[in-house]
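Engineer: Please read through the structure below; I'll follow up with questions.
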Amino acid sequence: MYESSLVYLRCVKCGHKLELEIFEKNNEVVEGILSCVHCTANYPIISSIPFLLEDFSSYFSIRAKLGGYLLLHAKNLKIKSLIKKSLHEIKYVGEDTTNLEKNWAVIYKKSKHTSFETKVKNIIKTLPKCVSVIEHGCSVGAISAVLAKYHSQVFGIDKSFFALLEAKKRKIKNSDFFLADSLSHPFGNKKFELSVALNVLELIEPLKLLKIIRNQTRRFVILSDPYDYERGKNSVKVKLDAKSLRLQLNKMGFKLLRHTSKPSFIPWKLIVNHRLELNYKVDLILAVILSK
């Protein structure tokens, strides 16, 4: 995490400002703790990634292996103590997703130069330069890197630690990445000129995410999804398709641009391994805020 990002961050529990205690630093903060000046909540920074979560025990309840990994890699005793406390307070242990998230980070990293990625890049580079950009579900930072070429400041948030590690390896000076939940993001009332959320509507409750994006965006929004809602017990409650998504955007005061008023079917190929590929058809939307 870059020290300059501190001014934008807020406590995800109460919305107040955070203070930074640094334990290790090079060109950015490698290890430290963010503390709320109001409610005294603590958020560790490990491997340059801030963990800005409302409930650490809930997060680790399906990522116990990640908790063990972080205990091994954290150097400071205060951070180790915070992780241990969170692990001890786990009330329900679900199926561990640590290895799954690690594998998907690898899949996203090697699935490059897709038609979908090219289409998104073409939209990004034709937009007016924006001062601030947020990307929900930034994953390994491939699109964040493109955003950073054309816009001033980019913030990416995701719940996958291993994906964010890959994003940090890109060393993009005008981008920073945070482990956080989009529905309780760490930016308080900050407004962004451009908000991006690609292929996350089946992972994050769509109506709740759209409301947050509407409230935090000044100008443009880029959305996409293959509408892959078949995720069993992990499926979202409200499933928006191409038509209902556009209706919701219209109700919220968005105007669809660049021929995205109609559904699209852009190829997006993910390489799982040398014998398996996933081929999605993604719907892409560019919209502008009409009124606040």
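Engineer: Being over 20 Å from Thr97 (Cβ atoms), in a helix (DSSP H, G or I), over 21 Å from the mean Cα position of the chain (by Cα) and outside the structural domain of Asp158 (by TED's automatic domain parsing) narrows it down to one residue among Ile79, Ile22, Ile83; which is it?
Structural biologist: Only one candidate passes the filter, namely Ile79.
Engineer: Just the residues that are surrounded by fewer than 24 Cβ atoms within 10 Å (Cβ to Cβ), under 20 Å from Gly67 (Cα atoms) and of a type outside the set (A, V, I, L, M), please, taken from the stretch 163-177.
Structural biologist: Glu166, Lys168
Engineer: Something else about it: Can you tell me which residue is modelled with the lowest pLDDT among those in the stretch 75-92 that are in contact with a Phe, Trp or Tyr (Cβ under 9 Å, 6 or more places away or on another chain) and of a type in the set (A, V, I, L, M, F, W, C)?
Structural biologist: Within the stretch 75-92, the match that is modelled with the lowest pLDDT is Ile90.
Engineer: Is it the case that Leu210 is under 23 Å from Phe116 (Cβ atoms), in contact with a Leu (Cβ under 9 Å, 6 or more places away or on another chain) and not acidic (Asp, Glu)?
Structural biologist: Considered against the rule, which asks whether it is under 23 Å from Phe116 (Cβ atoms), in contact with a Leu (Cβ under 9 Å, 6 or more places away or on another chain) and not acidic (Asp, Glu), Leu210 comes out as yes.
Engineer: Give the residue that is farthest from Phe265 (Cα to Cα), with candidates limited to residues of the stretch 76-130 that are exposed (fewer than 12 other Cβ atoms within 10 Å of the Cβ) and of a type in the set (A, V, I, L, M).
Structural biologist: Among those residues, the one meeting the criterion is Leu77.
The values are calculated or read from the model by the stated rules, or taken from the named source; none is laboratory data. Everything quoted here is computed from the prediction, not taken from an experiment. Virtual Cβ from ideal backbone geometry, glycine too; neighbours counted across all protein chains shown.
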